[in-house]
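> This structure is in structure tokens; I'll ask about it shortly.
The values are calculated or read from the model by the stated rules, or taken from the named source; none is laboratory data. Everything numeric here is computed off the predicted structure, so don't read it as measured data. Cβ sites come from the backbone with ideal geometry, for glycine too, and all protein chains shown count toward neighbours. Protein only, heavy atoms only, side chains kept; ligands, DNA and RNA dropped before computing areas. Shrake-Rupley method; radii C 1.70, N 1.55, O 1.52, S 1.80 Å.
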Amino acid sequence: MIVIIAMISLVAVGSITTTAVQAKEEKINVRVFPKKMRGTWYQYDKGQLTKIIYTKKKIISYYNGKRGVFYLHVRTKGETNWGKRDSKKENWVFLNPTLARFQGHKWITYWNWYASHAAPYFNVSRLNGHQVLTNEYGVYPNGANHYYHSIKLAKKLKNKRYAHFVY
């Protein structure tokens, strides 16, 4: 009997906690990339320069001598990205309308249209006096990568580790 009461209490507390967390969700505009993300960002990875440009509705990336372009689209209510594959949607991405909170930061996520794995998380924050774009991947996000607004700064801080990120 005590076990049953304990289980009911645990379920009740769990459902209250879940509701409280859901009530604090912060929504974002999914039609454009956030203003503080926009611009050109650089990172040195294993001695190689990576460049990412965010515009209102586009991502242009340069990595390993290759250029990639991705276009922001909005999923309409009820629309799924799991339907029949369409080659013109291969370079589409969409924003998750809810910010994620972990490691003391707010993160946005965007998914490739046909993604079937965990989406990358992105955060822009002021670290040591510099605007820094950070991304992490995975179900349990880790592997923080930092991007800076100048090549010179990216080269100087290429191995910099900041508090509250998982590497």
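> Quickly work out the residue 106-to-residue 89 label distance, labels modelled 7 Å from Cα along the C-beta direction, and quote it in nm with one decimal.
About 3.0 nm separates the two model spin labels.
> Out of all DSSP beta bridges in the range 34-122, what portion is antiparallel? Express it as a percent rounded to 5.
Here the share of antiparallel DSSP bridges comes out near 95 percent.
> Mind putting a number on the dipole of the range 125-167 about its Cα centre? Charges go on the C-beta only, +1 for Lys and Arg and -1 for Asp and Glu, and I need it in Debye to the nearest 20. Before the final figure, lay out the partial values.
On the way: 7 positive and 1 negative charges, 65 e Å.
Using only the charged Cβ atoms, the result is roughly 320 debye.
> Out of the trypsin sites (Lys or Arg not before Pro) in the range 64-159, which ones are loop residues according to DSSP with at most 16 other C-beta atoms within 10 Å?
For trypsin sites (Lys or Arg not before Pro) across the range 64-159 that sit outside H, G, I, E and B with at most 16 neighbouring Cβ atoms in 10 Å, the list reads 75, 77, 84, 85, 158.
> Still on this structure, please answer the following. Quick check for you: with a 1.4 Å probe and neighbouring chains kept, what is the accessible area per residue of the range 39-167, in Å²? Could you put the intermediate results ahead of the total?
Values: 7740 Å² over 129 residues.
Accessible surface, normalised per residue, equals 60 Å².
> How about the range 68-142: which GluC sites (Glu not before Pro) there are in a DSSP loop, with at most 11 other Cβ atoms within 10 Å of their Cβ? Mind dumping the intermediate values first?
On the way: sites: 79, 90, 136; in loops: 79, 90.
Answer in residue order: 79, 90.
> Could you state the number of Å between the C-alpha centres of the range 26-101 and the range 120-167?
Each part's Cα centre sits 17 Å from the other's.
> Using 0.36 nm times the number of residues separating residue 26 and residue 150, minus their current alpha carbon distance, what extension gain do you get? It would help to have the intermediate numbers written out before the result.
Values: separation 124, 0.36 × 124 = 44.64 nm, distance 3.05 nm.
Gain in length upon complete extension: 41.6 nm.
> Rounded to the nearest 20 Debye, what is the dipole magnitude of the range 21-167 about its Cα centre when Lys and Arg each give +1 and Asp and Glu each give -1 at the C-beta? Please report the intermediate quantities before stating the final value.
Values: 28 positive and 7 negative charges, 109 e Å.
Taking the Cα centre of the range 21-167 as origin, the dipole is about 520 debye.
> Extending each Cα 7 Å along its Cβ direction at residue 57 and residue 139, get the distance between those two points in nm, one decimal.
Here the modelled spin labels are 3.5 nm apart.
> Quick one: if the Förster radius is 25 Å, what FRET efficiency do residue 66 and residue 162 give, using the C-beta to C-beta distance and rounding to 0.05?
Given R0 = 25 Å and the Cβ-Cβ separation, E is 0.30.
> Further question on the same structure: Give the carbon-plus-sulfur fraction of the accessible surface of the range 70-157 in %, rounded to a whole number; probe 1.4 Å, heavy atoms of protein chains only.
Carbon and sulfur atoms account for 53 percent of the accessible area of the range 70-157.
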